[in-house]
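The values are calculated or read from the model by the stated rules, or taken from the named source; none is laboratory data. Nothing here was measured: the structure is a model prediction, and the numbers come from that model. Positions of Cβ are backbone-derived with ideal geometry, glycine not excepted, and every protein chain shown enters the neighbour counts. These area figures cover heavy atoms from the full protein model, side chains too; ligands, DNA and RNA do not enter into them. Shrake-Rupley method; radii C 1.70, N 1.55, O 1.52, S 1.80 Å.
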Amino acid sequence: MATAELQLSELIEEEFLKCKICFELYKSPRILPCLHTYCEQCLEKLLEKGKGTICCPECRTEAHIQGRVSNIKTNFYIKGLLDLFESKRNKEAVCSVCQSCSDTLIQLPTLVRSFDTEDEYKINITGIANFENGDIVIADKDNSVVKQFRPNGKTVGNTSVSEECCPCSVTVCGDTIYFSSRAKLYKITVDSNIIQINNLRGSQTSYPIASYKGKYIAVSEGTLCTLSLYDSKGSLVDRVRPHGYCGGKFMFLAVNSREEFIVTDCVKKCIVVFTKTGEIINVCASTGSAKFVPFSVCVDQRDNIYAVESGRILQLSPNGEFQRVFVDFKDETFRPKLITADVFGHLIVTDKEGSVRVYKIKTFSIRMIE
């Protein structure tokens, strides 16, 4: 009987008490006119302040907000359930180690969602990015398609691309999807048209790309060990090269909130962090193990760096210093290939075959009751 009650409790918590944006228990739950409920802070990130509207992530109904998000009605039914569950949890909370201590316990990263990007053909995921609303964008090179998904895995739409410009790396700049293909840069319009906006310099087989706050697209230029920055129309804005750095091959990249660049070098086998003026902040070439082969990288809202490396995901400080192994997949068939981070505190990971996993980035603590 106790087991059945526990299962029902977990089911209620998962299905009714967790926000479909951040996948955490609701914090100040607000109910939209379409009757979908989200955390107040999650809705703040979706508010188009110029229009004063919020597009519901689940049903896409547009809600007009009068003033601030805090003016949206509180879902008192959900709030009451949360209070009830919290009261029950406080009574039952006991440290699993000593049964009496009141120290704060740090939990491991949590897998909150997983899904497959279904396709009848064999696929090859070569790019991943996300919109500010949490939607996930994936480039499937072998099938020449760019796919868009909700954070819960629901397909939003697919944009077919001709074999002549099959997508490699992908990014979202503002509200527009951009992708690289061979030595060309393309964008996908709101009408799903494919427009080439520039020819990329050099003769690399692939050009990883990333974006910075909707202002420009940064292109990694391989053995040139440089980055070229292009605006939304494809005009060259700037070129960045770390001072005195040569002999490597730049691959995946990310740009943090301070407009610093994080790039993996597949020849020197390291992660380079440098400023827009070319000053090198740090070069991370080891985690203490004999082998270090970094691949895809991204940054979270606090500028922490995450990198795929030999079947695991590493976490580095904003300055590029190794901190810990975030997730290790050594005992699983899932092999991480590409990663991105959203504004809601999630790390999105995909393997080559299109399986996607969503992790909560920050660990959290629970103070136990004496």
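Numbers for the structure displayed
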| quantity | calculated |
| --- | --- |
| Built amide H within the under 5 Å cut-off of ASN304, gap 5+ | none |
| By average C-beta atoms within 10 angstrom, highest first, the peptides 317-327, 210-220 | 210-220, 317-327 |
| Inter-part distance where the range 131-196 and the range 221-263 are each reduced to a Cα centre, Å | 21 Å |
| Percentage, to the nearest whole number, of Cα pairs in the range 238-322 over 14 Å apart | 58 percent |
| ³J(HN,Hα), Karplus 6.51/-1.76/1.60, whole Hz, each residue of the range 334-342, x for Gly, Pro | 5, 10, x, 10, 10, 9, 8, 10, 9 |
| LYS276 paired with GLU58, simple spin-label distance in nm, labels 7 Å along Cα-to-beta-carbon | 4.0 nm |
| Calculated Rg and Dmax of the chain using C-alpha coordinates, Å | 21.9, 68 |
| The range 309-361: C-alpha pair distances exceeding 15 Å, % | 48 percent |
| Length-normalised contact order for the range 107-176 - Cα pairs under 8 Å, 6+ apart - percent | 29 percent |
| q = 0.12, 0.14, 0.18, 0.20 Å⁻¹: log10 I(q)/I(0) that the Debye formula gives for the range 117-248, counting C-alpha atoms only | -0.44, -0.60, -0.95, -1.14 |
| Inter-probe distance in nm under a simple model that places probes 7 Å from Cα toward Cβ, at ASP303 and THR223 | 3.4 nm |
| Semi-axes of the equivalent ellipsoid for the range 114-167, Cα gyration tensor, largest first, Å | 19, 12, 9 |
| Mean separation of Cα contacts under 8 Å (6+ apart) over length of the range 161-253, as relative contact order % | 21 percent |
| Accessible surface of ARG60 - all protein chains present, 1.4 Å probe, nearest 10 Å² | 100 Å² |
| Amide H within-cut-off set for VAL267, under 5 Å, with H built and near neighbours excluded | LYS249 |
| For ASP303, solvent-accessible area (1.4 Å; no DNA, RNA or ligand), Å² | 10 Å² |
| The chain, relative contact order [Cα under 8 Å, separation at least 6], % | 13 percent |
| Candidates GLY354, GLY174, GLY80: whichever shows maximal mean-square fluctuation once the chain is modelled as a Gaussian network with Cα springs under 10 Å | GLY80 |
| Calculated over the range 19-86: convex hull of Cα atoms, volume per residue (Å³) | 75 Å³ |
